[in-house]
Amino acid sequence: MSDSRNAPSTLEVALGSRSYPIHIGPGLLGDPRWLAPHLAGRQVMVVTNETVAPLYLERLRQGLGDDLDVRELVLSDGEATKTLASVERIWDALLAAGFNRRCTLIALGGGVIGDMVGFAAACYQRGVAFVQVPTTLLAQVDSSVGGKTGVNHPRGKNMIGAFWQPRAVLVDTDTLATLPPRELSAGLAEVIKYGLIRDADFLAWLEAEMEALRGLDAAALTRAIERSCALKAEIVAEDETEQGVRALLNLGHTFGHAIEAHQGYGNWLHGEAVGTGMLMAAELSRQLGWLSDAEVARTRAIIEAAGLPLAAPASMGVEDFLAIMRLDKKNLDSRLRLILLRTLGEACIHDATPPETLADLLEAFPRR
Ligand code: NAD
Ligand code: GLY
């Protein structure tokens, strides 16, 4: 069924023969023009979870068209399910269905489903096609684009994984209508991140439009998704496997991953932890003499306006942070690498933070 509202926009992630489109707009899910062209063959496995399935699985079926062998797998919900055991369930289902190398996996859901399905696709028979159909704001602006796939390990977030690019990303903006406000705020953290690291004009636009965004204004959300995806596509095309500039996308993540891992996966949402982590990075950038008091105040204000937490968990001491941060994938040898801000709109990779400066920041940062 075609949709008479605004025509979708299409961006490209330019990776040579592995380039793929990101389609963004309303009504994409039920429309075979968007999904069907990206299927590798007749065998299709849709993987989703128990929250998203009742909302969008039927609509997605309509978008697949006829004459396909479609199987469905509905997993449990939550960050705590982002495990190798869940990925094994996907492989079991593929093998039970007798699916071969020309099958296509479709990830219908948020970043948890997208990361797991991508990893399952990367490894099944040494790599099969997959399509991302992200249904949270966070997944639409970040996790569905760029091919980082994987699962958590009890000792660290996203520690097991692979780079494996999707065939296409389908962002149906209608799906945001059912997203709980807390999840919307978590997605806004990653949107704010793009402004902070690379685009001061976008940051200023976000400051002005935050109320509209939180009120689910369709035009504002679409613009925020388009700009975020454009910035991410640009960075991924330049540095697919994070040898350099892609690391900037991790602003706030080293602190945030420590919060997520320490608090137990799922208790803090990923975007919430990133929001607080970005404020910690901004405070540290001020201590290093880069950000002014006014710039840190602006950072705090936009994080607060997005409905994100401004304090770290009361149960986390300095050593709790440091122990987990030392395991971060960005670290080289024994040096802690952090993404910090030179100014608002410009981030840098920094591996020379004096340990006492970091410890002071971790000690002094507010707790709740
Ligand atoms: P999520 O996948 O857990 O989704 C959040 C919640 O919203 C879940 O309960 C989900 O079932 C529900 N949901 C999804 N779509 C919905 C909808 N339209 N309406 C109502 N409910 C809906 O979390 P997330 O925030 O989407 O993703 C977080 C994950 O993404 C983390 O594991 C993080 O590590 C990962 N991530 C990956 C990358 C990457 O580059 N691969 C980037 C950022 C984050
Ligand atoms: N979310 C960080 C990255 O994709 O590199």
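Values in this text are rule-based calculations from the coordinates and carry no lab data. These figures come from a predicted structure and were not determined experimentally. So basically every Cβ, Gly included, is an ideal-geometry build from the backbone, and we count neighbours across all protein chains shown.
Gain in length, Ala364 to Arg300, computed as 0.36 nm per residue apart minus the alpha-carbon separation, to one decimal in nm? Please list the in-between numbers first.
Details: separation 64, 0.36 × 64 = 23.04 nm, distance 1.56 nm.
Using 0.36 nm per residue and subtracting the Cα-Cα distance, I get 21.5 nm.
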The range 128-270: antiparallel bridges as % of DSSP beta bridges, rounded to 5, reads 60 percent
Taking every C-alpha to C-alpha distance in the range 1-119 and binning by 10 Å from 0, the per-bin percentages run 12, 41, 38, 9, 0
Listed residues Gln243, Gln263, Gln287; largest mean-square fluctuation, Gaussian network over the chain with Cα springs below 10 Å, found at Gln243
To the nearest 20 debye, the range 1-152 has a Cα-centred charge dipole, built from +1 on Lys and Arg Cβ and -1 on Asp and Glu Cβ, of 420 debye
Share of Cα-Cα pairs in the chain beyond 40 Å, whole percent, is 11 percent
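Give the percent of DSSP beta bridges with both residues in the chain that are antiparallel, rounded to the nearest 5. All intermediate terms of the calculation are to be shown ahead of the outcome.
Details: 16 of 41 bridges.
If we restrict to bridges inside the chain, about 40 percent are antiparallel.
In debye to the nearest 20, how big a dipole does the chain give about its Cα centre with +1 on each Lys and Arg Cβ and -1 on each Asp and Glu Cβ?
Values: 35 positive and 46 negative charges, 155 e Å.
Approximately 740 debye in magnitude.
Quick check for me: using +1 on Lys/Arg Cβ and -1 on Asp/Glu Cβ, what's the dipole size of the range 223-317 about its Cα centre, in debye to the nearest 20? Numbers along the way, then the final one.
Details: 7 positive and 12 negative charges, 48 e Å.
The calculation lands at about 240 debye.
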Along the dipole axis of the chain (charges at Cβ: +1 for Lys and Arg, -1 for Asp and Glu; origin at the Cα centre), the most positive-end residue among Leu291, Ala258, Ala364 is Ala258
The farthest towards the positive end of the charge dipole of the chain, of the residues Trp164, Val52, Gly25, given +1 on Cβ of Lys and Arg and -1 on Cβ of Asp and Glu, is Trp164
Per the rule of 0.36 nm per residue minus the C-alpha distance, extending Glu346 to Gln243 adds in nm 35.3 nm
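From Cα pairs below 8 angstrom and at least 6 apart in sequence, can you work out the relative contact order of the chain, rounded to a whole percent? Could you put the intermediate results ahead of the total?
Working: 727 pairs, mean separation 54.0, N = 368.
Worked out over the chain, it gives 15 percent.
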By the mean-Cβ-within-10 Å protection proxy, highest first, 197-205, 43-51, 348-356 rank as 43-51, 197-205, 348-356
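By per-residue mean of other Cβ atoms within 10 Å, what is the highest-first order of 100-108, 208-216?
Numbers: 100-108: 22.8, 208-216: 15.2.
Most protected by this proxy first, the peptides run 100-108, 208-216.
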